[in-house]
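Peer 1: Right, I'll just put the structure down here and ask away after.
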Amino acid sequence: MKDAPEQVTDPKQLTTVYKKNGSFDKQRKVLLENFKQSETHANLLLKLKLMVESKVKQDPSILMKNKGKIAALIQGEIINEHLGKNSGGSGGLLSIVDKDIQDKIIDSPDFHQELKTELKDIRRVMMGISDEEYQKQLEEEKAEEEKEKREAQTLSAVSDYSSSSYRVKGLGGNHRISKPPRFNFSSNRQKEEDKDGKNGKVPFLMY
């Protein structure tokens, strides 16, 4: 009987392997390349260009300095602007980058799923699970996720139906149909006949 593979539960161990096998550098290059091709990057370069032009207009002698000093000056300006915006407002060049990172990495379900898949693959290699066994596990997990999704949809449909039925019953209970008045025609008719009979009766004459 084949022994079950030893479980790997230490996240630091997974992180170390993720970095050592080159996955971290590969992912970083992909993210950087995607950023360079994005509209956010074009907007960032435009704002940076406007900032440099403004600095040169204020102090043309800046062009006489070497590139290293110019770069350090611009970098300091960007950082100071960012710190000032964080303490009293919003915006700035670095805020553009922060928002892009927040949207495309930190809050991105697709990125989280991609990273999760890579870490699971590293984990199964560390545990000595073969490609065939791992593929079988993935299929079982997918089937279980689909089952849970169907059950959740069923529960949601039942809940919606119950709420709808309750509202309909509530409307039926509050809306009362008035019954038409009932008239006792036979009783009235009898009274009229008795009255007519009294009026038509020959009075008793005493001689």
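Peer 1: Do any helices (runs of 4 or more DSSP H) entirely within region 23-134 hold 1 or more residues that are within 30 Å of Thr9 (Cα to Cα), and if so, which?
Peer 2: Because the criterion is at least 1 residues that are within 30 Å of Thr9 (Cα to Cα), the helices (runs of 4 or more DSSP H) in region 23-134 that meet it are 23-36, 93-101, 109-126.
Peer 1: Quick one: Leu31 ticks every box in (1) of a type in the set (A, V, I, L, M); (2) under 30 Å from His112 (Cβ atoms); (3) modelled with pLDDT under 90; (4) in the same structural domain as Arg123 (by TED's automatic domain parsing) except a single one, so which number is it?
Peer 2: All conditions are met except number (3).
Peer 1: Pick out the one residue from Leu83, Leu138, Leu115 that is modelled with pLDDT of 90 or more and among the aliphatic types (A, V, I, L, M). Explain how you work it out, then say what you get.
Peer 2: Working: Leu83 fails: modelled with pLDDT of 90 or more; Leu138 fails: modelled with pLDDT of 90 or more.
From the options Leu83, Leu138, Leu115, the qualifying one is Leu115.
Peer 1: Can you find even one residue in region 148-156 that is at pLDDT 90 or above, within 24 Å of Asp10 (Cα to Cα) and either not aromatic (Phe, Trp, Tyr) or not assigned by TED's automatic domain parsing to the domain that holds His41 (or both)?
Peer 2: No; the residues of region 148-156 include none that is at pLDDT 90 or above, within 24 Å of Asp10 (Cα to Cα) and either not aromatic (Phe, Trp, Tyr) or not assigned by TED's automatic domain parsing to the domain that holds His41 (or both).
Peer 1: Within the bounds of region 89-103, is there any residue that is under 30 Å from Leu138 (Cβ atoms) and surrounded by 13 or more Cβ atoms within 10 Å (Cβ to Cβ)?
Peer 2: Yes, that holds for at least one residue.
The values are calculated or read from the model by the stated rules, or taken from the named source; none is laboratory data. Worth saying up front: this structure is predicted, and the values here are computed from it rather than measured. Don't worry about glycine lacking a Cβ; one is built from the backbone with ideal geometry, like all the others, and counts go over all protein chains shown.
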